[in-house]
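Note sheet for the following structure.
The values are calculated or read from the model by the stated rules, or taken from the named source; none is laboratory data. Predicted model only: the values in this text are computed from it and were never measured. Every residue, glycine as well, gets a Cβ built from its backbone with ideal geometry; the counts of neighbours run over all protein chains shown. Surface areas here come from the heavy atoms of the whole protein model, side chains and all, with no ligands, DNA or RNA. Shrake-Rupley method; radii C 1.70, N 1.55, O 1.52, S 1.80 Å.
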Amino acid sequence: MAAYPWAAFAASLPFTLLAVLLVLGATFVVALRLGRHAVVDVAWGLGFVAIAVASYLASGDHGDATRRLLLLALPGLWGLRLGLHIARRSRGHGEDPRYEELLAKAPGNPQLFALRRIYLTQGVVMWFVSLPVQVAMFTQGEANLVTLLGLLLWVVGFTFETVGDLQLTRFRNDPSTKGQVLDTGLWRYTRHPNYFGDACVWWGLSLVAFSSWPGVLTILSPLLMTWLLAKGTGKPLLEKDMASRRPGYADYVRRTSGFVPLPPKKP
């Protein structure tokens, strides 16, 4: 097996960083025109798509062709679906309460504060989480069992996330369920099937990267993504907001797993 092309990989990093800056810079301009920074959530998935494309183009003939195509197609499909879903969901809505609360504490210019705390922070996280994709674009070695397991885990995660989002959208659009808590379908087994699906997607992509050296060196990337979803800015902030607005949410929390799908507890 050929040695890993560290020099070529290092040369690709400015291009993936530039891809992040272009996506988030354009998003910031759009946010200023619309008067709400919630549009940055749409850019979250699209930024990963841009990184995958930039890394694919920069890797040229260095990596295994099958792995490179997988790591272009899988993040691309995931990111485009997520961006489109969030764009549709947020259409016609005002600023996200999370960003309102953050900007209310801004010292000095709130827009520059938003640029630092929201956009640059998300950009750094986005770039770091995507490192398995970036590194594996340059790796040699044919697809193996670990690659297949990664692909299967990605499919599980993508299915969970997509089905969970569809079920939630249908529930929210039904006038008869206004003020209620969704506890059917995938939401019967986990309070966050979309976040669980996200975690599986990135562990699946990481396994594809781990299937050939030195992909395993990027293990901190999926660990960070999982922590953000389960303990950081994902689940805790959402549940804090839900508990304050939905009277039945506390009971739902008591009987339903917080992240990994499990049979619901009996009353």
*Is it true that some residue in the range 45-58 is loosely packed, with under 15 Cβ neighbours inside 10 Å, in contact with a Phe, Trp or Tyr (Cβ under 8 Å, 6 or more places away or on another chain) and more than 25 Å from Asn173 (Cα to Cα)?*
yes
*Looking at Thr218, is it at pLDDT 90 or above and either in contact with a Leu (Cβ under 8 Å, 6 or more places away or on another chain) or aliphatic (A, V, I, L, M) (or both)?*
yes
_Enumeration of residues in the range 27-44 that are open to solvent by 40 Å² or more (accessible area, probe 1.4 Å) and under 23 Å from Leu74 (Cα atoms)_ = Trp44
*Mind checking whether some residue in the range 80-90 is under 19 Å from Thr162 (Cβ atoms), more than 15 Å from the chain's Cα centre (by Cα) and open to solvent by less than 40 Å² (accessible area, probe 1.4 Å)?*
yes
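Can you name the residue in the range 203-213 that is assigned to a helix (DSSP H, G or I) and open to solvent by 20 Å² or more (accessible area, probe 1.4 Å) and, of all such residues, is nearest to Phe48 (Cα to Cα)?
If we take residues in the range 203-213 being assigned to a helix (DSSP H, G or I) and open to solvent by 20 Å² or more (accessible area, probe 1.4 Å), then Trp203 is nearest to Phe48 (Cα to Cα).
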*What's the number of the condition Leu24 fails, among (1) modelled with pLDDT of 95 or more; (2) over 16 Å from Val135 (Cβ atoms); (3) open to solvent by 20 Å² or more (accessible area, probe 1.4 Å); (4) touching a helix residue (DSSP H, G or I) at 6+ places or on another chain (Cβ under 7 Å)?*
(3)
*Could you count how many residues in the range 129-167 are part of a helix (DSSP H, G or I) and of a type in the set (Ser, Thr, Tyr)?*
3
*Of the residues in the range 137-155, how many are touching a His at 6+ places or on another chain (Cβ under 9 Å) and open to solvent by 90 Å² or more (accessible area, probe 1.4 Å)?*
0
*Tell me, which residue of the range 183-202 that is surrounded by fewer than 24 Cβ atoms within 10 Å (Cβ to Cβ) and hydrophobic (A, V, I, L, M, F, W, C) is nearest to Val129 (Cα to Cα)?*
Cys200
*Find the residue count for the range 169-182, including only residues that are open to solvent by 30 Å² or more (accessible area, probe 1.4 Å) and within 16 Å of Arg89 (Cβ to Cβ).*
6
*Which residue pairs have Cβ atoms under 6 Å apart, sit 6 or more places apart or on different chains, and have a first residue in the range 251-267 that is farther than 13 Å from Ala230 by Cβ and a second that is surrounded by fewer than 11 Cβ atoms within 10 Å (Cβ to Cβ)?*
Arg255/Lys265
_Suppose we filter Thr66, Thr121 for residues that are more than 14 Å from Val40 (Cβ to Cβ), among the β-branched types (Val, Ile, Thr) and part of a helix (DSSP H, G or I); which single one remains?_
Thr66
*State the number of residues belonging to the range 243-258 that are open to solvent by less than 30 Å² (accessible area, probe 1.4 Å) and either assigned to a loop (DSSP other than H, G, I, E, B) or farther than 17 Å from Tyr189 by Cβ (or both).*
3
